[in-house]
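Worksheet: the structure to be examined is printed underneath.
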Amino acid sequence: LVHLHLPIIFPQRRPSHPPRFIIEIEAIKTKSSSPSIINLHMSTMTKRDANGTTLSTIMVTGGSGLVGQAIKSYTTSNPKEGETWIFLSSKDGDLRDRAATDAIFEKFKPTHVIHLAAKVGGLFANMKQKVEFYRENTLINDNIMENCRIHKVAKLVSMLSTCIFPDKTKYPIDETMLHDGPPHPSNEGYAYAKRLIDTMNRAYAEEYGCNFTSIIPTNIYGPHDNFSIQNGHVIPGLVHKCYMAKKNNTPFTIWGSGTPLRQFIYSGDLAELTVWVMRDYHSPDPITLSVDEAAEVPIKDVAYAVAKAMKFEGEVVFDTAKADGQFKKTACNKKLRGLRPDYKFTTMEEGVQKAVDWFLENYDTARK
């Protein structure tokens, strides 16, 4: 007995009203009055509207965080015909669990995935829980990547970090140096789990022809950040600290001399570039998304920019009894500039003002 699996043919009858697409979690869909026609071709399914426009469903993991919310804002302001955006949060399923991840993919059937979700934490958490940071991130990444293969996802973009580069290296760092040596011992669990994304992007491309890639941003800041003074990153931590100094009429105290140099990318810029990578950058090799080397700034300048944006007129103090940390971690964006030579990044002053304004407007609900 031979079973023949033939394509299912639906009559091309125009419905009297557009079909209704129901997405149970928060989603953004390009508005269109045209009905949709679904063409089935053996084991793959392509959705097109009546004009032949391809309908894409882009699912963003970690969609409630700093970068996810920036992508949501960007795609809302710059919609592209035929794109539906779905932003997942931890409430929508545990990505460490294979069955839960399978269910998410079965439910939304994404054609594209931007993978931002990860187990993250500060220095001391990374040092104390190396096993958990390795295992949980590896489980999350494996579940996402394998589901993307099984569901024939057209593009997967995963986010890495400059903190996973070798501890002992030369500067500026670029994408080719990712595996040149061990990461800093303090975060090796997290770093090796993230490095495996790059390894597996190439492996999936070679074995299955998958279009998987990764992005490497430098220090990100902007609305929806974690503004914790103890556990937040540099800029959001300074924003909250300056707010408290202004409120309590005390000095704005910055730990260290303020001389270390860093490259900062505004979350709105990273969102725009991440969407560009999803649409137009097709290589398994990672790409660094960073401002130019010339835009590297000392922490002291960042602190004064925060004070200005906050309209803080008190004393700014640099506590040199506290350690400075690494002097510089310069990243090279030559690959990005070769593809987007005219891209204009948000200036530090403008980006910090936007971050401060958002923090003040959302103080009661902001993560802090």
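The values are calculated or read from the model by the stated rules, or taken from the named source; none is laboratory data. The structure presented is a predicted model; accordingly, all values stated were derived computationally and were not measured. Using ideal geometry, Cβ is built from the backbone for each residue, glycine included, and neighbour counts are taken over all protein chains shown. Areas reflect the complete protein model, heavy atoms only, side chains present, ligands, DNA and RNA absent. Shrake-Rupley method; radii C 1.70, N 1.55, O 1.52, S 1.80 Å.
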Computed ³J(HN,Hα) along the range 324-338: with the Karplus parameters 6.51/-1.76/1.60, θ = phi - 60°, integer Hz and x for glycine or proline, the list is 7, x, 4, 5, 8, 9, 4, 10, 9, 10, 4, 4, 4, 5, x
For the range 298-368, the dipole about the Cα centre with charges only on Cβ (Lys and Arg +1, Asp and Glu -1), to the nearest 20 debye, works out at 640 debye
Expected output is a single nm value to one decimal: the length gained when fully extending between Val131 and Glu313, i.e. 0.36 nm times separation in residues minus the C-alpha distance. What is it?
61.0 nm
Along the range 181-195, what does the Karplus equation 6.51 cos²θ - 1.76 cosθ + 1.60 (θ = phi - 60°) give for ³J(HN,Hα), rounded to whole Hz, x for Gly and Pro?
x, x, x, 4, x, 5, 10, 5, x, 4, 5, 5, 4, 5, 4
Here FRET efficiency (C-beta to C-beta, Lys91 to Cys163, R₀ 30 Å, nearest 0.05) is 0.65
Taking a label point 7 Å from the Cα of Ile150 along the Cα→Cβ vector, which residues of the range 261-296 have an amide N closer than 17 Å to it?
none
What is the set of long-range amide H partners of Ser56 at a cut-off below 5 Å, with H atoms built 1.01 Å from backbone N?
Glu83, Thr84
Selection from Thr288, Ile197, Phe252, by position along the positive dipole direction of the range 196-289 (Cβ)
Phe252
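Mind scanning Lys107/Lys152; Lys194/Lys335; Lys109/Lys152; Lys300/Lys334; Lys47/Lys152; Lys47/Lys80 and naming the pairs with a C-alpha gap bigger than 18 Å?
Among Lys107/Lys152; Lys194/Lys335; Lys109/Lys152; Lys300/Lys334; Lys47/Lys152; Lys47/Lys80, the Cα-Cα distance tops 18 Å for Lys194/Lys335; Lys300/Lys334.
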Using a 1.4 angstrom probe on the protein heavy atoms only, line up His151, His115, His179 by accessible area, largest first.
His179, His151, His115
Could you check what % of the DSSP bridge pairs in the chain are antiparallel, to the nearest 5?
30 percent
Cα centroid separation - the range 330-353 against the range 100-171, whole Å:
25 Å
Choice from Gly82, Gly68, Gly222 with maximal GNM fluctuation in the chain (Cα, 10 Å cutoff):
Gly82
Roughly speaking, what is the stretch gain from Ala295 to Leu339, that is 0.36 nm per residue apart minus the C-alpha to C-alpha distance, in nm to one decimal?
14.0 nm
Chymotrypsin sites (Phe, Trp or Tyr not before Pro) in the range 285-360 lying in a DSSP loop, each with at most 12 other Cβ atoms within 10 Å of its Cβ, come to Phe327
Where labels lie 7 Å past Cα in the beta-carbon direction, separation of Tyr208 and His282 in nm:
1.9 nm
Sequence-distant residues sharing a close amide H with Arg367 (under 5 Å, placed H)
Phe227
For a test of the definition: using alpha carbon positions, the gyration tensor, and the 1.5 limit on a/c, classify the range 286-368 as rounded, prolate or oblate.
oblate
What's the longest bit of the chain with no exposed GluC sites (Glu not before Pro), using DSSP loop states and at most 16 other Cβ atoms within 10 Å as the test?
82-312
Among Ile235, Ile114, Ile104, the residue with the largest mean-square fluctuation in a Gaussian network model of the chain built from Cα contacts under 10 Å is Ile104
Apply the Karplus curve 6.51 cos²θ - 1.76 cosθ + 1.60, θ = phi - 60°, to the phi angles in the range 345-357 and return the couplings in whole Hz, x for Gly and Pro.
7, 5, 5, 4, 4, 5, x, 5, 4, 5, 5, 5, 4
Could you work out the helix-only [θ] at 222 nm for the chain, with each DSSP H run of four or more residues adding -39,500 (n - 2.57) and the total divided by the number of residues, to the nearest 500 deg cm²/dmol?
-11500 deg cm²/dmol
